[in-house]
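Below is one structure, written out as structure tokens; the observations come after it.
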Amino acid sequence: MNDEVGLSQAEAFARIRLLRSPNIGPVSYRQLLARFGNAVDAIDGLPDLGSRGKKAYRAAPKEKIEREIEGVIASGARYLFHDQDHYPALLAEIGSSPPIITCRGHLALASGPCVAIVGARNASGAATKLARDWARELSQGGLTVVSGLARGIDGAAHEGSHPKTIGVIASGIDIAYPPQHKELQEKIASEGLLIAEQPPGTEPRGRHFPSRNRIIAGLASGTLVVEAAPRSGSLITARLAGEAGREVMAIPGSPLDPRSAGCNQLIRDGAVLVSEPQDVIELLETFTGAPRSTYRVAEEASDFNYEELSKLEWGEAKASGDEADTIGRLLTKAPIGVDELIRQSGSQPAAVQMVLLELELSGELERHDDGGVSRMQRE
């Protein structure tokens, strides 16, 4: 399960269990590690933190984690934790990066320069050929192509760049989706790199695809959209890339084809228009962290430091009853930035974060991709 120095089997097991426990996501996972120093102690502290809920808080059962680990091993995959040497450096830069991923294949591909290629599932024949041809030239030009193994543009991008390609899937590492890409997915896992965030055995659901898209955007210096409708998952990936401070590029298309409307809109909104693969190579070869595209330029990150939680005694980090009530009243179903919440409440950052953590563990808080928080939307 773990082949890195400095992470014991007990700690690795506890980390997987912590992340699989109810209402714990990437942000709360990192906060808990910072607060307790390790996952073993964090697991022990969960019942107290989740005590504000109506039901007693219980961490994920050990038996469930044991079955998961068996599934990872059986599929020929391995775990990679956020602070291990081979964890992709660019992915680690995004605030919501997955603390644990499972992978098969050559991890070195994620350490070199990468470009994400995304687009329509129902792509036109011309766009599909374009994606395949461009992916081949980009891989020959020194870039690893990242995509999501979907039908259409994604599949063509993987085929053109194979084996210098990374597939990021919305299912568990052992589930092929879509089924017609089962052979392609196995080829990528064997000769390229396959990455999954969900536990093995997990069938892809709608909510998993935006999470997958953030990984695609996070792995690459830039995202290229080949063909996309105005409200497509590809534009979500482009937005996430822009918010992460990466290049956003698009190939223009005919205004008469609805499948080109998304790319044309991206260009109007500040994405870089590219007309040949060399444009992409030149952009990413000179990428220094300051993108030329102005599409959704990344906002300044929160000034809250997770380490503040580890430096404070439990009583100091804990908000008073009045403070907790004030913070709770400021939360609505409309997202608000954590920094703004700190300003409006007048509380210390660590106290606000602790209240948010308690609300999240009790199922009352929702965290958003842009770092905002809101009251949980009840279905």
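The values are calculated or read from the model by the stated rules, or taken from the named source; none is laboratory data. From a predicted model like this one, the values you see are computed outputs, not experimental measurements. Using ideal geometry, Cβ is built from the backbone for each residue, glycine included, and neighbour counts are taken over all protein chains shown. Surface areas here come from the heavy atoms of the whole protein model, side chains and all, with no ligands, DNA or RNA. Shrake-Rupley method; radii C 1.70, N 1.55, O 1.52, S 1.80 Å.
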Query raised in the report: Does ALA217 meet the test of being open to solvent by less than 20 Å² (accessible area, probe 1.4 Å) and modelled with pLDDT under 95?
Result: no
Query raised in the report: From the set of residues in segment 220-255 that are out of contact with any helix residue (DSSP H, G or I) (no Cβ under 7 Å at 6 or more places or on another chain) and open to solvent by 30 Å² or more (accessible area, probe 1.4 Å), which is modelled with the highest pLDDT?
Result: ARG239
Query raised in the report: Is it true that some residue in segment 316-327 is at pLDDT 85 or above and part of a loop (DSSP other than H, G, I, E, B)?
Result: no
**Report entry** Test: SER293 is under 21 Å from GLY142 (Cβ atoms), small (Gly, Ala, Ser) and either open to solvent by less than 60 Å² (accessible area, probe 1.4 Å) or under 24 Å from the mean Cα position of the chain (by Cα) (or both)
**Finding:** yes
Requested in this report: Just one of (1) open to solvent by 40 Å² or more (accessible area, probe 1.4 Å); (2) at pLDDT 95 or above; (3) within 20 Å of the chain's Cα centre (by Cα) trips up ASP83, so point out which.
Outcome: (2)
Query raised in the report: For segment 47-68, does any single residue satisfy the condition of being over 30 Å from GLN140 (Cα atoms), under 20 Å from the mean Cα position of the chain (by Cα) and either surrounded by fewer than 21 Cβ atoms within 10 Å (Cβ to Cβ) or without any contact (Cβ under 8 Å) to a residue 60 or more places away in the chain (or both)?
Result: no
Query raised in the report: Looking only at segment 211-233, which residues are of a type outside the set (D, E, K, R) and either over 24 Å from ALA290 (Cα atoms) or touching an Asp or Glu at 6+ places or on another chain (Cβ under 8 Å) (or both)?
Result: SER211, ILE215, GLY218, SER221, GLY222, THR223, ALA228, ALA229, PRO230, SER232, GLY233
Report task. Examine segment 264-276 for a residue that is hydrophobic (A, V, I, L, M, F, W, C), part of a helix (DSSP H, G or I), in contact (Cβ under 8 Å) with a residue 12 or more places away in the chain and more than 20 Å from ARG214 (Cα to Cα), and state whether such a residue exists. Result -> yes
Query raised in the report: Among (1) open to solvent by less than 70 Å² (accessible area, probe 1.4 Å); (2) at pLDDT below 95, where does LEU143 come up short?
Result: (2)
Query raised in the report: So which residues in segment 216-262 are without any contact (Cβ under 8 Å) to a residue 60 or more places away in the chain, within 23 Å of PHE287 (Cβ to Cβ), in a helix (DSSP H, G or I) and hydrophobic (A, V, I, L, M, F, W, C), if there are any at all?
Result: LEU235, ILE236
Report task. Return yes or no: is ALA196 touching a helix residue (DSSP H, G or I) at 6+ places or on another chain (Cβ under 7 Å) and either of a type in the set (A, V, I, L, M, F, W, C) or surrounded by 22 or more Cβ atoms within 10 Å (Cβ to Cβ) (or both)? Result -> no
Query raised in the report: Out of the residues in segment 332-379 that are assigned to a loop (DSSP other than H, G, I, E, B) and aliphatic (A, V, I, L, M), which is nearest to the chain's Cα centre (by Cα)?
Result: MET376
